[in-house]
Amino acid sequence: MKQTHNPFYFRELPVDGPFCNREHELAELIRHAHALANVVMFSPRRFGKTSLIRKVQRELAQKEAITIYCQFFGVSSIEDVAANLAREVFRVTHAQQSLFQKAVNAIRCFRPTLVMRPDVDKGFSVSVELSRQNLSGADLLEDVMASIGTFIADAGTLVHIALDEFQEITELPDALSIEGIMRQHIQQQQAAYVFIGSRRRVLKGIFNDRQRPFFQSAINYELPPLPRDEFGAFVAELFVDNGKKCPLDTAAYLVDQVECFPYYAQKLAYFVFDRSESDVTQEDVDAGFFLLLKEENPVFEGMLMGLAPQQVALLRSLSAESTSSLFSQDYLRRHRLGSIGGVQGARKRLEELDLIEQGDKKVWRIVDPVFSRWLQDKG
């Protein structure tokens, strides 16, 4: 067998990359889009949500739909939300003159600008700058959402809009105002929206709390884990197709190490492929996992730096011992967690951040299996 190249990805999976067994979800999300049904899609981090929605949008675009993907991670104000939305409409339409002109005609409060970027394929990226200076943040978002409605009505084709890490708006001072403005306009638009997020408790609260503007306005869509056997067979096949023999039990062992999290499985398989000889062994997987932990170390250290000491202590205790009795005196004493009140506060915040969850049999555990293993190794 002749080795060609490493088929596994060290970064986000491209839309034309190898994709494992999401045919049902892909077809279902495309049907919802054509029905103009809004969807709220959630799962843990690194579960493949973004890769899946980009694949959905690629297939829709191949059938003449206009697909807009907007990332809300890192937004710091209501003005940021408005600017992100406007920028992505301009970016998507920029390559088609007639469509771009419709976007420019519709969105008047921002104007598109080109920023030279030698690090991207086209050598530039599309940005925006304000063309109207005296609008408040709420008025600016009102204007952008109304303008997007005008653009959708004038587009003459299906418009599909994905809002990734949508729950980040809840961290802003104007959160309820943002929700109210967006809900008011979205319900009037003939487009399909998908709201994506990995802080599941917060995202579901936006759409399932009776007191919130988005209450019952979208289909709840939880992305399930990839089936273990099929995922293992998929990984084994990629090894074989690229010159290395990987027995099914070894591939199953690989996906088990990361509990079938697609992002981690890709990264782990990348390291294993890179270091293994013609036959992949479990020892190769163990060595690859060590490299995975080393690679993720700066990310995990950054996560801990943003947490209070009590929250870190609770994470460390759960990495050492999952429990259904989080507030029992025995568990608190064994892990030196202090008072019940302090643990209750830490639990609430870690749940909001989607770092811990109460899973099967009401057992509290860390959501991210690699993060949990890293914490164990750090003691």
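The values are calculated or read from the model by the stated rules, or taken from the named source; none is laboratory data. If you're wondering where the values come from, they're calculated on a predicted model, not measured in any experiment. Ideal geometry is used to build each Cβ from the backbone, glycine not excepted, and the neighbour counts take in all protein chains shown. To get the accessible areas, we keep the full protein, side chains included, count just its heavy atoms, and leave off ligands, DNA and RNA. Shrake-Rupley method; radii C 1.70, N 1.55, O 1.52, S 1.80 Å.
In the chain, Cα pairs under 8 Å separated by at least six residues give a relative contact order of 19 percent.
Extension gain for residue 26-residue 124 works out to 32.1 nm (0.36 nm per residue, less the C-alpha to C-alpha distance). A helix-only calculation puts the chain at -16000 deg cm²/dmol for mean residue ellipticity at 222 nm, using -39500 (n - 2.57) for each DSSP H run of at least four residues, averaged over all residues.
Quick check: at a probe of 1.4 Å, how many percent of the accessible area of the chain sits on carbon and sulfur atoms? Solvent-exposed carbon and sulfur of the chain make up 48 percent of the total.
Note on residue 327 and residue 209: with the Förster distance fixed at 25 Å, the Cβ-Cβ geometry gives a FRET efficiency of about 0.50.
Annotation note: chymotrypsin sites (Phe, Trp or Tyr not before Pro) in the range 28-122 located in DSSP loop regions with a Cβ neighbour count of at most 12 within 10 Å are 73.
If the segment from residue 188 to residue 362 were pulled out straight at 0.36 nm per residue, it would be longer than the present Cα-Cα gap by 58.6 nm. Each principal axis of the range 47-97 carries a Cα extent, and these read 36, 35, 11 Å when sorted largest first. Shown in residue order for the range 281-292 are the 3J(HN,Hα) couplings computed by the Karplus curve 6.51 cos²θ - 1.76 cosθ + 1.60 at θ = phi - 60°: 10, 5, 5, 5, 5, 4, 5, x, 5, 4, 5, 4 Hz (x for Gly and Pro). Anything over 30 Å Cα to Cα? Flag those among 102/204; 244/378; 244/294, in the order listed. Violating the 30 Å limit, Cα to Cα: 102/204; 244/378. Dipole magnitude for the chain: computed about the Cα centre from +1 point charges on Lys and Arg Cβ and -1 point charges on Asp and Glu Cβ, it is near 640 debye.
What the Cα convex hull of the range 235-355 gives, in volume per residue, is 118 Å³. Extension gain for residue 133-residue 113 works out to 5.6 nm (0.36 nm per residue, less the C-alpha to C-alpha distance). Cα centroids of the range 216-268 and the range 300-379: 27 Å apart. For the range 64-153, the set of GluC sites (Glu not before Pro) satisfying both a DSSP loop assignment and a count of at most 10 other C-beta atoms within 10 Å is given as 64. May I ask you to derive the FRET efficiency for residue 34 and residue 98 from their Cβ-Cβ distance with R0 = 30 Å, giving the value to the nearest 0.05? Rounded to the nearest 0.05, the efficiency is 0.80. All other residues whose Cβ lies under 11 angstrom from that of residue 335 are scored, Lys and Arg at +1 and Asp and Glu at -1, for a net of +2. The Cα-based radius of gyration of the chain, divided by its Kirkwood radius, gives an Rg/Rh of 1.00. For the range 6-112, a Kirkwood radius taken over Cα pairs fed into Stokes-Einstein (37 °C, viscosity 0.692 mPa s) yields D = 207 µm²/s.
Computed FRET efficiency, Cβ-Cβ of residue 340 and residue 376, R0 30 Å: what is it to the nearest 0.05? For residue 340 and residue 376, the calculated efficiency is 0.75. Per residue, the accessible area of the chain comes to 48 Å² when a 1.4 Å probe rolls over the protein heavy atoms.
Label point of residue 304 set 7 angstrom out along Cα-Cβ; within the range 320-339, amide nitrogens under 19 Å from it belong to 320-322, 335-338.
Residue 177 sits among other residues whose Cβ lies under 13 Å from its own Cβ, and their net charge, with Lys and Arg +1 and Asp and Glu -1, is -3. What is the range 165-253 by shape, rounded, prolate or oblate, if you read a ≥ b ≥ c off the alpha carbon gyration tensor as root eigenvalues and call it rounded for a/c under 1.5, prolate for a/b larger than b/c, and oblate otherwise? The shape class here is prolate. Within the range 62-205, DSSP assigns beta bridges of which about 40% are antiparallel (rounded to the nearest 5). Binning the alpha carbon pair distances of the range 296-379 at 10 angstrom intervals from zero yields the distribution 18, 58, 23, 1, expressed in whole percent. Within the shell defined by Cβ-Cβ distances under 10 Å, the residues around residue 205 carry a net charge of +3, with Lys and Arg each +1 and Asp and Glu each -1. Could you check what % of the DSSP bridge pairs in the chain are antiparallel, to the nearest 5? The antiparallel proportion sits near 35 percent.
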